[in-house]
Amino acid sequence: MIEIRKIESSRLPSTDFSALEFGKAFSDHMLICEFKNGQWGQATILPYQDLNYPLSLHALHYGQAAFEGMKAYRQIDGGIALFRPEMNYERLNRSAVRLAMPEVPKEVFMEGLKSLIDIDREWVPKEEGMSLYIRPFLFSSSSFIAARPSESYTFAIITSPVGPYYTGNVKVKIEEQYTRSAAGGIGFTKAAGNYGGAFYPTRKAVEKGYTQIIWTDHKDHRLIEESGTMNIMFRIGGTMRTPPLSERILAGITRDSILTLLRSWGEIVEERPITVDEVVYAAENNYLEEAFGMGTAAVVSPISTIGFRERDFEVPNSSEGIAMKIKNALNEIRTGKVADKNGWMLRL
Ligand SMILES: *Cc1c(COP(=O)(O)O)cnc(C)c1O
């Protein structure tokens, strides 16, 4: 069903796994499937290569483009497994629908993904903390510059071996001017443009000495939404709190998995609107116990400082904390070190 054209000689021997920059090295193969004349064509795995597109490429002008981010993990017994890949499949198609793009057929995504990772299985790193980052994406590939939906689309998957993601001290600024996402908008999708729109405000925060932005609601900036490109969780007075999903918040698979783990550990977990005031008040009164971002790249990214207006609040951030406990627990499930009680892993 998937057509396969293999490379003649692998680039693996000339790739230095000890010096990988996130997302800059790509494995030997990629998958491509094109949608034309109202239907999906043959899915093909071929050598990783540049493709030729004209400058009238629709996606460049009108931004019908969305992506996914997931990982393949080397197992303790030497095998390879994916983490909840059907969640990525479903989310890509939710993005596709909202951006007026055709949905990718399930067998193209799932069978294509499995075959691609299997062919490049030597690219799944064996070193502790490393994994193969997988980037499925879908973009409009007609060549015309009229402002209407494209007629052709390309679905592709590329993969990149990556090291552990050290974020260092994460200083986040509560953003009160710019907005990542609005009611009725595309914040719940992994649309390329959501990132394009976030770079400038993030750069302004970086210029002020922060690493990331805590996004607040578009209306009056009183509700906490996400942290950079991650979902956000707080531990306040012994309770775990995260904003509820909405059309403005991306439904993170890491977030969903962490909520499941926390509940199974008997933690009190609240999914409800969180105000900037309650976080600042908790920080001022020393009962903001932890704060962290949740996402595929870093798993959890503990926040060390929260900046609000002219003040900076330090957040406790201990290696004994719940963030680290979650990170270790997820890593153990993903590498097959503990039983996969929730049926999250798909072995290849
Ligand atoms: C991708 C993403 C996340 C995290 O999603 P995961 O499925 O956990 O990787 C959170 N927020 C935004 C805005 C994202 O783009």
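Across the range 113-123, rounded Karplus estimates of 3J(HN,Hα) from the backbone phi angles (6.51 cos²θ - 1.76 cosθ + 1.60, θ = phi - 60°) give 4, 5, 5, 4, 5, 5, 5, 9, 4, 5, 7 Hz, Gly and Pro being marked x.
In this model, which of 6/341; 6/106; 71/208 are farther than 29 Å apart at the alpha-carbon? Table pairs above 29 Å Cα-Cα are 6/341; 71/208. Of the residues 286, 230, 318, the one whose Cα sits farthest towards the positive end of the charge dipole of the range 193-320 is 230 (charges of +1 on Lys and Arg Cβ, -1 on Asp and Glu Cβ, taken about the Cα centre).
For the range 216-348, the Cβ-based charge dipole about the Cα centre amounts to some 600 debye (Lys, Arg positive; Asp, Glu negative; other atoms uncharged). Given +1 at the Cβ of Lys and Arg, -1 at the Cβ of Asp and Glu and no other charges, the dipole of the chain around its Cα centre is 280 debye to the nearest 20. Please determine, in degrees from 0 to 90 and to the nearest 10, the orientation of helix 322-334 with respect to the longest principal axis defined by the Cα atoms of the chain, where the helix direction is its Cα long axis. Approximately 20 degrees, to the nearest 10.
Where a ≥ b ≥ c are the square roots of the eigenvalues of the C-alpha gyration tensor, would you call the range 105-236 rounded, which needs a/c under 1.5, or, failing that, prolate if a/b is larger than b/c, or oblate? Taking the square roots of the gyration eigenvalues as a ≥ b ≥ c, the range 105-236 is oblate.
Taking a straight line from the alpha carbon of residue 204, these aspartates and glutamates sit under 14 Å away, with near neighbours fewer than eight places off in the same chain left out: 175, 176. Its Cα centre serving as origin, the range 31-131 has a Cβ charge dipole (Lys and Arg +1, Asp and Glu -1) of approximately 320 debye. As I understand it, the dipole of the chain uses +1 on the Cβ of Lys and Arg and -1 on the Cβ of Asp and Glu, about the Cα centre. Which of 39, 156, 338 lies farthest toward its positive end? It is 39, whose Cα lies furthest towards the positive end.
When peptides 191-204, 296-309, 75-88 are sorted by average Cβ neighbour count within 10 Å, with the highest value leading, the order is 296-309, 75-88, 191-204.
For the chain, the longest principal axis of the Cα atoms and the long axis of helix 85-98 meet at an angle of about 90 degrees. With an a/c value of 1.5 or above and a/b not larger than b/c for the gyration tensor axes a ≥ b ≥ c computed over the alpha-carbon atoms, the range 132-199 is described as oblate. Here's how it looks for residue 170: its modeled amide H is under 5 Å from those of 304, 305, which are all 5 or more places away or on a different chain.
Each other residue within a Cβ distance under 10 Å of residue 282 adds +1 if Lys or Arg and -1 if Asp or Glu, for a net charge of -2. Amide H contacts for residue 313 (H built 1.01 Å from N in the peptide plane; partners 5 or more residues away or on another chain; cut-off under 5 Å): 306, 307, 308. Loop-resident chymotrypsin sites (Phe, Trp or Tyr not before Pro) (DSSP state other than H, G, I, E or B) in the range 6-48 with no more than 13 further Cβ atoms inside 10 Å of their Cβ: 22.
Bear in mind these aren't lab numbers, they're just calculated from the coordinates by the rules spelled out. Not measured: the values here are computed from a predicted model. Using ideal geometry, Cβ is built from the backbone for each residue, glycine included, and neighbour counts are taken over all protein chains shown.
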